[in-house]
Amino acid sequence: MSRLQELRSNLDALQARIAAAAQRAGRYAADVRLVAVSKGHPAQDLAALHQLGVRELGESYLSEALPKRAELQDLPGLRWHMIGHVQSRKAADVAEHFDWVHSVDSLRLAGKLSAAAGATGRRLAVLLQVNPSAEPGKHGWLAHDEAHWARALPEIEQALQLPDLDIRGLMCMAPFTDTAEQARPYFARSRDLLADLARRFPQVGWDQLSMGMTNDFEAAIEEGATLVRVGTAIFGARP
């Protein structure tokens with residue numbers, strides 16, 4: 001089996017699972033966008049995915065993404081998503097080279113991204129990263145209880161005033177669990193946080209919720225994810 005055939009088989013199986021999860025939740029599969037997490041995989045694999053109709057690519061490291069972008073620059077329609085933690089000193093490069101940033105985890109980073117986007121005449125689509133589990137090592141505004149959420153809200157309100165960010169919703173990373181069901185409460189919490197923001201700040205669309213990876217994306221879809229970040233189920237294990 002060629003690599004293209006392998007990727008086609010994996011992608012077909014994944015899309016069937018996405019459609020089934022959406023159907024269980026009374027949703028349309030078309031309302032769930034697949035971001036193929038391509039970190040650790042070569043540009044040739046991404047070119048093959050492009051042949052199969054995939055246009056949304058997720059990368060965690062600027063140093064890995066930029067050479068791939070350069071190699072694939074002639075492929076039409078690719079949209080690059082930064083899904084990893086962004087260091088403030090790299091905000092300008094991220095704002096220049098990515099179409100979406102899922103991992104805006106502080107007011108300071110939001111300000112730097114807005115300034116960098118404005119300097120290049122762009123308005124950058126971003127998601128605010130929340131931490132619904134309080135798991136150590138996870139980035140994002142702490143949101144596991146109402147007291148922490150109340151402390152996060154004034155900073156989020158300030159981020160909404162930044163002129164060159166198009167804030168579209170939230171991103172969360174659930175703790176790694178043995179089963180998708182164990183991750184479900186964190187997805188439900190993130191969905192509720194998005195609804196709370198929509199009530200508080202109705203001037204913002206709040207139409208995107210990025211959550212779910214290979215091991216738990218079906219539960220994430222059932223709890224309202226509009227973007228799922230899947231790598232292993234498409235590419236196999238990273239080299």
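For the chain, what does -39500 (n - 2.57) per DSSP helix run (n ≥ 4), summed and divided by total residues, give at 222 nm, in deg cm²/dmol to the nearest 500?
Numbers: 9 runs with 107 residues, N = 239.
That calculation yields -14000 deg cm²/dmol at 222 nm.
Would you tally the net charge around ALA91, using a Cβ to Cβ cut-off of less than 14 Å, leaving ALA91 out, and scoring K and R as +1, D and E as -1? Each step should come with its number before you reach the end.
Working: positive: ARG89, LYS90, ARG108, LYS112, ARG122; negative: ASP93, GLU96, ASP105, ASP164.
Taking every Cβ under 14 Å from that of ALA91, the sum is +1.
Which whole-number percentage describes the relative contact order of segment 3-235, with Cα contacts under 8 Å and a sequence gap of 6 or more? Show your work: numbers first, answer last.
Working: 437 pairs, mean separation 47.3, N = 233.
Answer for segment 3-235 is 20 percent.
All other residues with a Cβ under 15 Å from the Cβ of ARG24 taken together, and with Lys, Arg as +1 and Asp, Glu as -1, what is their net charge?
-3
Averaged over every viewing direction, what's the projected area of the C-alpha convex hull for the chain? Give it in nm², one decimal, please. Please report the intermediate quantities before stating the final value.
Details: hull surface 51.6 nm².
Average of the hull's projected areas for the chain equals 12.9 nm².
Could you give each residue of segment 78-95 its phi-based ³J(HN,Hα) in whole Hz, using Karplus coefficients 6.51, -1.76, 1.60 with θ = phi - 60°, and x for Gly or Pro?
In residue order, the calculated couplings are 5, 10, 9, 10, 7, 10, x, 4, 9, 6, 4, 5, 9, 4, 5, 5, 5, 4 Hz.
To the nearest 20 debye, what charge dipole does the chain have about its Cα centre, counting +1 at the Cβ of each Lys and Arg and -1 at the Cβ of each Asp and Glu? Could you put the intermediate results ahead of the total?
Numbers: 27 positive and 29 negative charges, 59 e Å.
Charge dipole, the chain, about its Cα centre: 280 debye, nearest 20.
Rule-based calculations on the coordinates, nothing more; no lab input. It should be emphasised that the depicted structure is a prediction, and the values quoted were computed from it without experimental measurement. Ideal geometry is used to build each Cβ from the backbone, glycine not excepted, and the neighbour counts take in all protein chains shown.
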